[in-house]
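**Q** Once you've had a glance at the structure underneath, I'll fire off some questions.
The values are calculated or read from the model by the stated rules, or taken from the named source; none is laboratory data. As the structure is a prediction and not an experimental result, all values here were calculated from the model. Counting neighbours? That spans all protein chains shown, and the Cβs are built from the backbone with ideal geometry, glycine included.
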Amino acid sequence: MIKVIDNFLPQDEFKYIQDSILSDYFPFYFNESITSDKDPKDYYYFTHTFFYENKPQSNWFVLWENFLKKIECRSLIRIKASMYMNLKSKRKNKPHVDYTFEHKGCLFYINTNNGATFFEKEKVLPKENRVVFFQPHKLHSSSLCTDQKRRLVINFNYF
């Protein structure tokens with residue numbers, strides 16, 4: 001169901017992306033909930049949407065041109081960065097699907113931390129420059145990290 005590849009991008013290309021996204025000037029936006037409006041008040045995170053509704057939503061979209069070629073993306077649905085803050089306790093967020101229809105997806109980890117991603121019977125720990133291909137129309141869950149200030153992952157939905 002999932003496929004994990006480490007060192008997905010050449011190191012210089014990854015480092016440029018990582019430095020850009022982890023910089024003080026990269027914009028993230030507060031989201032009051034993670035999976036639904038019924039989330040408890042301490043279920044929040046920050047996002048940055050690169051692509052949505054058939055067009056780039058960010059000047060930072062250019063970061064992903066080579067990545068999209070490498071994953072053989074024919075048609076893009078969404079690219080979204082998710083940043084989960086360290087709240088000093090482990091927590092697995094509620095399971096969700098990205099979209100209900102069948103399509104391709106991958107997660108690209110920007111930093112190494114102990115906040116796993118859970119897929120049915122498997123879990124993957126974030127490691128910088130690691131990609132995990134999965135079926136985003138099936139249930140999966142994110143979690144918080146406790147060993148870094150933040151957990152940063154990029155989510156790609158595509159055909």
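**Q** Every residue in the range 18-43 that is of a type in the set (A, V, I, L, M, F, W, C) and loosely packed, with under 10 Cβ neighbours inside 10 Å, please.
**A** Within the range 18-43, Phe30 is the sole residue that qualifies.
**Q** Name, by its number, the condition in (1) of a type in the set (Asp, Glu); (2) under 23 Å from Leu139 (Cβ atoms); (3) surrounded by 15 or more Cβ atoms within 10 Å (Cβ to Cβ); (4) modelled with pLDDT of 95 or more that does not hold for Glu13.
**A** So the condition that Glu13 fails would be (2).
**Q** In addition: So the check is Cβ under 6 Å with 6+ separation or different chains; which pairs have a first residue in the range 49-78 that's under 20 Å from Phe26 (Cα atoms) and a second one that's in a loop (DSSP other than H, G, I, E, B) and modelled with pLDDT of 95 or more?
**A** Filtered contacts from the range 49-78: Thr49/Gln57; Phe50/Ser58.
**Q** Exactly one condition in (1) in contact with a Pro (Cβ under 6 Å, 6 or more places away or on another chain); (2) outside any loop (DSSP other than H, G, I, E, B) is false for Asn113; which is it?
**A** (2)
**Q** Name the single residue, out of those in the range 141-159 being more than 12 Å from the chain's Cα centre (by Cα) and assigned to a strand (DSSP E or B), that is nearest to Tyr109 (Cα to Cα).
**A** Selected residue: Arg150.
**Q** Another one. Within the range 81-95, track down each residue that is surrounded by 18 or more Cβ atoms within 10 Å (Cβ to Cβ) and under 23 Å from Tyr25 (Cα atoms).
**A** Ala81, Ser82, Met83, Tyr84
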